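Colleague: The structure's right below; bear with me while I get my questions together.
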Amino acid sequence: MKAPKAPIVLTAGVVNKKTKPKPKASKTNNLSITTDEESPALSPNDGNLITRAPSHETAASIESSEMDRRRLLKIQQTSVKIDDLYKAPPIIVEEVEKRESKSAEYFWLAFCFFGIMGSFVAYGLLLEYATTGGKHLHELSFLFVTSLLYTCTAWVGRYVRAETPSTIPPAQFAVLGLTSMGSTFFSVRALRYVIYPIQVLAKSCKPVPVMLMGALMGKKYPAKKYLKVALIVGGVCLFMMGGNKKGAGDDEKDASSQLIGVTLLFISLCFDGGTGAYEDKLMSVHSVGPFDLMYNIQMGKTILAGIGLIVLNQVHVFVQMCQEMGFLLVALGLSGAIGQVFIFVTIAKFGALTCSIIGLARKITTLVASIYFYGHALNKVQFVGLVICIGAMINDFFGKKGKKGGHGHSDSSGQAEKTQFSENPVEEQQPMLSTEGTSSSLEMGSVVRK
């Protein structure tokens, strides 16, 4: 008798074969999806009937859907709503750029301030060191070395800024070089008879020769200006008459020696006034870049100083001076030239008013440093004279601060700043008592005297 056939067992989703590892389900948007490729495909010959349940009805799919719903609810609760974005204060790009620009401006202001102060205070201390303790500067040698360094510095500045060479004839620049050279020569020579603080204070009387010439020619000045100049001159006289000693380690100087020094300083101021007047005449018809102007004037001074050394047979004195004080001469030239560059940058970025404020601070700092480092003992009379001079300069400066035509304001185009400047750091770079009709419109692009 034949054995009965085995019963057929119907199973759902069970395969009567070796179990294969279940592949990982691919997830898209946090949903568990089982594809047909991941499920084993059986043929009818396997002897088993397979019933495949729909993927969206499986327990895993239902659980994933519930998880996704909870996540969506959480996102909706924690996300930023559009209404909240409209209520939030707007981020203005212009304000951010303005703050960054302000920070850069403060950086440049500090850079220019310390550049001018450091350069010219160092220049003044070095110059006093070279003229005290029995030492004397040979003026033509000093002029030749320092002017040569100025010329090189101005050439570099002109090349970097690609300034167009001026069309002013070289002969006219030679005249400017001659007058500027005369101002420097007599200013340095005066240090053999007076101390350096007196020279600094006397340079504040720059308008005196101009006013005297103008008064002789019938020009009238306001009484307030006469008073300010008289205060400065009186302060200088008190400072000079209050003491007889030139400085620590120097011989006593009598009144006649100091009179010689004052006379030399007055001649220096006259040359300085002539330089400004001739510049006014040239700049009224020409436009020239600041470094190009500096280059041509200093080149003229270098050539004239070299010719003077040869004609006067003082080349051997120049060689001796370089051997004894060569490093000091180079330091004087570099400090003065770098200070002039800082002046140009300050005027270009912040205007002449800011440069004048720094110039006034530099002048006072130089006086204090000279008195401190070189032991100039001041008695009560000299102290009063010094206070009168400084007070008059500060009063004059702030009296012009708010006026048009003062140290810093826009011209008719609203772009240029008005100022006076000197090509020689021995002179006062920013005279506190400027004269009418000698202001100049100066930018880093051009210098036009008006």
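Colleague: Could you work out the pair-distance distribution P(r) of segment 146-189 from its alpha-carbon pairs, with 10 angstrom bin width and percents rounded to whole numbers?
Modeller: Binned Cα distances yield the sequence 23, 44, 29, 5.
Colleague: May I pose another question? In nm, give the distance between the simple-model label positions of Ser287 and Phe383, each being 7 Å from the Cα along the Cα-to-Cβ direction.
Modeller: 5.4
Colleague: If you don't mind, there's one more thing I want to ask. Place the peptides 327-340, 182-195 in order of packing, highest mean first, counting for every residue the other Cβ atoms within 10 Å and averaging per peptide. Kindly include the intermediate steps, with their values, before the conclusion.
Modeller: Values: 327-340: 20.6, 182-195: 22.1.
Highest to lowest by the protection proxy: 182-195, 327-340.
Colleague: Packing-wise, with mean Cβ within 10 Å as the measure, how do 65-72, 346-353 rank, highest first? Show your work: numbers first, answer last.
Modeller: Working: 65-72: 11.5, 346-353: 21.2.
The peptides rank, most packed first, as 346-353, 65-72.
Colleague: In debye, nearest 20: dipole of segment 97-228 around its Cα centre with unit charges on the Cβ of K, R (+) and D, E (-)?
Modeller: For segment 97-228, the charge dipole is close to 640 debye.
Colleague: Then there's this: Using C-alpha positions alone, give me the convex hull volume of segment 131-251 per residue in cubic angstrom. Show your work: numbers first, answer last.
Modeller: On the way: hull volume 20.8 nm³, N = 121.
Dividing the Cα hull volume of segment 131-251 by its residue count gives 172 Å³.
Colleague: How much length is gained if the chain between Phe114 and Ile364 is pulled fully straight, taking 0.36 nm per residue apart and subtracting their Cα-Cα distance, in nm to one decimal?
Modeller: Gain on stretching Phe114 to Ile364: 88.6 nm.
Colleague: So between Ala162 and Leu216, what do we pick up on full extension, going 0.36 nm a residue minus the alpha carbon distance?
Modeller: Here the answer is 15.0 nm.
Colleague: How much FRET efficiency would the formula 1/(1 + (r/R0)^6) give for Val315 and Ala171, where r is the Cβ-Cβ distance and R0 is 25 Å, rounded to 0.05?
Modeller: With a Förster radius of 25 Å, E is 0.45.
Colleague: Within the set Lys225/Lys281; Lys135/Lys301; Lys102/Lys349; Lys98/Lys349; Lys281/Lys349; Lys135/Lys206, which residue pairs have Cα atoms separated by over 21 Å?
Modeller: Lys225/Lys281; Lys135/Lys301; Lys281/Lys349; Lys135/Lys206
Colleague: Another one. Against the globular-protein guess of 2.2 N^0.38 Å, express the Cα radius of gyration of segment 161-212 as a ratio, rounded to two decimals. Intermediate results must be reported in sequence, preceding the final value.
Modeller: Details: Rg = 15.6 Å, N = 52, 2.2 N^0.38 = 9.9 Å.
Against the compact-globule rule of thumb, the ratio is 1.58.
Colleague: If you don't mind, there's one more thing I want to ask. Specify which residue in the list Pro170, Pro209, Gly124 is farthest towards the positive end of the charge dipole of segment 99-226, using unit charges on the beta carbon of Lys, Arg (+1) and Asp, Glu (-1), about the Cα centre.
Modeller: It is Pro209, whose Cα lies furthest towards the positive end.
Read-outs: derived from the displayed coordinates by stated rules, not from any lab. Source: prediction; values computed, not measured. Backbone-built Cβ (ideal geometry, glycine too); neighbour counts: all protein chains shown.
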